[in-house]
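The values are calculated or read from the model by the stated rules, or taken from the named source; none is laboratory data. All values reported here derive from a predicted model rather than from experimental measurement. Ideal geometry is used to build each Cβ from the backbone, glycine not excepted, and the neighbour counts take in all protein chains shown. Each accessible area value is taken on the protein alone, full model and side chains, heavy atoms only, with ligands, DNA and RNA left out. Shrake-Rupley method; radii C 1.70, N 1.55, O 1.52, S 1.80 Å.
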Amino acid sequence: MKKYIVTIEKFNHNLEENILSVLNKVGLFNIVQSGYKIAIKPNFTYPYYKEGVTTSPDVIEALVRLLREFTSDIIICESDGGYYSWKAEDAFRGHNIDKIAEKYGIKALNLSKLERTYLPVVANGKTYQISFPKMLKEEIDIFITMPVPKVHCMTGVSLAMKNQWGCIPDTMRLSFHHIFDEAILEINKNLPKTFVVADGMFFLDNTGPMYGNSLKKDLLIASNNIGSFEVVICEMMGVNIDKVSHLTFAKQKGFLPKKIEDIEINGQLDDSKYKSTLHRSLRNKIMYKCFKSEFLTYLLYTSHFGKTLHKLFYKIRETPDHLKNMEQDL
């Protein structure tokens, strides 16, 4: 058996059966023990469920129901939305996590409210300190990341690695975008034993991460290794890893397998392949310049000028209800 395993299954109208199958094939139940502390990190890029954008509450509940047979010490966790966009509690309510937590006697925790430690990230000849929840680094036995496969107008793709950007408890984590490649690798390296359970019922195409075309795929995908998941899903989406800087960097550092042949793939990858597209609007292109620049990020987001500019911007355009609190927080 190869060290790296990725399992792909078509949805058969029984989520629990599907998740049990994929997790058995990637070996989760070979290592989970009674009383283990398990953290589940969904993708809540939006404060309520949106196909191809956020992790489905139904998939989350099916996973929790299976894990609950082993332990009650299960935590569904997320940080507040970046740039004060919404509170984690809003996303929990918008995805029925509060009800799921009550039903199964587990916890839903806002990582932005927990005790923090700091991860040193070396980039551009400097050492940066990235805040990180102490709980995830020191108290968790198994970490399960639940991404939604999608293109991303800033990072190219948003898969399992990128999902952990939401583990940074600082709502101004965008101030570290210019060192994203180094920071996201360091975050993933500091997680406990990690499994991927991807909600591939819908993929997102065209723009991402919050808007685009949702593609119905009806897939559940699991892996015992984040890097292997990235390799296989990029192959599925027709994405060249060498064109995605954070994946190229992670591959150079040995976090990704060097070739797909090193991965045991259960399921028909060829049947699921398609060619994803990524289109950046003019606004996306301007934001991309900021994403890569420490100075532009400061000027347009974190400085007094930047905050004033954004307050004006949200007054001029029609602001969605779930973002109106952003104006009050800035």
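Worth pointing out:
- Hits in region 182-206 (condition: open to solvent by less than 30 Å² (accessible area, probe 1.4 Å) and over 30 Å from GLU9 (Cα atoms)): ALA183
- Out of ILE97, ILE142, sole residue that is modelled with pLDDT of 95 or more, within 25 Å of GLU51 (Cβ to Cβ) and of a type in the set (A, V, I, L, M): ILE97
- Residues being outside any helix (DSSP H, G or I) and surrounded by 19 or more Cβ atoms within 10 Å (Cβ to Cβ) - total across region 220-254: 8
- Evaluation of ILE263 against (1) under 19 Å from ILE179 (Cα atoms); (2) open to solvent by less than 60 Å² (accessible area, probe 1.4 Å); (3) touching a Pro at 6+ places or on another chain (Cβ under 9 Å) (one fails), failing number: (1)
- Answer residue from region 26-45, given it is touching a helix residue (DSSP H, G or I) at 6+ places or on another chain (Cβ under 9 Å), in a loop (DSSP other than H, G, I, E, B) and at pLDDT below 95 and is nearest to SER79 (Cα to Cα) among those: THR45
- Scope region 174-230; condition closer than 16 Å to ASN163 by Cα, touching an Asp or Glu at 6+ places or on another chain (Cβ under 9 Å) and at pLDDT below 95; matching residues: PHE176, HIS177
- Residue among PRO209, PRO257 that alone is touching a His at 6+ places or on another chain (Cβ under 6 Å) and open to solvent by less than 80 Å² (accessible area, probe 1.4 Å): PRO209
- Cβ-Cβ distances below 7 Å connect the following pairs, each with a first residue in region 1-27 that is of a type in the set (S, T, N, Q), a second residue that is at pLDDT 95 or above and in a helix (DSSP H, G or I), and a separation of six or more residues or different chains: THR7/VAL22; THR7/LYS25; THR7/VAL26; ASN12/ASN18.
- The sole residue among VAL64, VAL59 that is out of contact with any Pro (no Cβ under 9 Å at 6 or more places or on another chain) and either within 20 Å of VAL148 (Cα to Cα) or aliphatic (A, V, I, L, M) (or both) is VAL64.
- Under the condition of being under 20 Å from the mean Cα position of the chain (by Cα) and of a type in the set (Lys, Arg), the residues counted in region 87-131 number 5.
- Residue selected from region 154-175 under the condition open to solvent by 10 Å² or more (accessible area, probe 1.4 Å) and touching a Gly at 6+ places or on another chain (Cβ under 7 Å), by the criterion nearest to SER293 (Cα to Cα): LEU174
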